[in-house]
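These notes concern the structure reproduced below.
The values are calculated or read from the model by the stated rules, or taken from the named source; none is laboratory data. On a predicted model such as this, the values are computed, not experimentally measured, just so you know. FYI the Cβ positions are ideal-geometry reconstructions off the backbone, even for glycines, and counts take in every protein chain you see.
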Amino acid sequence: MAFERAKHIDTSLFFYMFSKSWTPAVCRFFYWVSKIGDGYCYLLIGVFAFGIAGEEGQMFFLLTLFAFAVELPLYFILKQTFKRDRPLSQSVEVRAHIVPSDQFSLPSGHTAAACLMATMISAYFVTFAVIAWVFAILIGIARVVLGVHYPSDVFVGALLGCGSALFVLLTVAS
């Protein structure tokens with residue numbers, strides 16, 4: 001009963017966020033926010049930190065790589081375990097604004113990566129923490145607005161990303 005209620009809330013929230021009368025400019029904004037979450041920016045941030053921020057930047061780069069080495073296998077295991085279809089394959093009313101990279105939606109990999117980076121940036125470069133978290137939150141919202149994830153996919157992705165980063169920070173970095 002509780003599971004069905006949670007699923008209903010998740011689906012209702014998805015349709016509320018997805019079916020808003022977004023202007024083309026807002027959809028373009030979320031498209032580009034989602035693109036930022038594709039991963040290339042994370043590599044650029046890491047390389048930039050490695051080259052500019054001395055020993056702290058090098059530690060950030062290496063520990064962030066390690067955090068991704070923890071997060072990515074868990075992400076693939078969860079995708080293959082849950083095999084939750086994306087919203088566009090469950091409803092004829094949903095036409096995603098982007099083409100998803102794979103068939104399954106749980107967890108959101110974009111959100112996991114964004115939250116992992118935001119956690120790592122917060123630990124090493126506190127000055128940029130607010131910016132990193134704003135982008136992480138916007139990436140999660142974008143994935144729902146663009147029609148490729150349910151809100152719970154984003155929530156689980158956020159837990160996965162934060163958890164992987166915290167695991168590395170608390171076990172390896174200390």
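Applying the set (1) closer than 30 Å to ALA53 by Cβ; (2) within 16 Å of the chain's Cα centre (by Cα); (3) crowded, with 20+ Cβ neighbours inside 10 Å to ASP153 leaves exactly one unmet item: (1).
Test LYS7 against the stated conditions and say whether it is assigned to a helix (DSSP H, G or I) and at pLDDT 90 or above. So LYS7 fails the test. Which of the residues belonging to segment 154-174 are farther than 15 Å from PRO73 by Cα and polar (S, T, N, Q)? Correct list: THR171, SER174. Evaluated against (1) buried (at least 24 other Cβ atoms within 10 Å of the Cβ); (2) touching a Lys or Arg at 6+ places or on another chain (Cβ under 9 Å), PHE104 falls short on exactly one condition, (1). Of everything in segment 40-65 that is under 25 Å from ARG143 (Cβ atoms) and in contact with a helix residue (DSSP H, G or I) (Cβ under 6 Å, 6 or more places away or on another chain), the residue that is surrounded by the fewest Cβ atoms within 10 Å (Cβ to Cβ) is TYR42. Of the helices (runs of 4 or more DSSP H) contained entirely in segment 23-85, those carrying at least 1 residues that are under 17 Å from the mean Cα position of the chain (by Cα) and within 18 Å of ILE98 (Cα to Cα) fall at 24-36, 40-52. Please determine whether any residue of segment 126-143 is modelled with pLDDT under 95, over 17 Å from TYR42 (Cα atoms) and outside any helix (DSSP H, G or I). No, every residue in segment 126-143 fails to be modelled with pLDDT under 95, over 17 Å from TYR42 (Cα atoms) and outside any helix (DSSP H, G or I).
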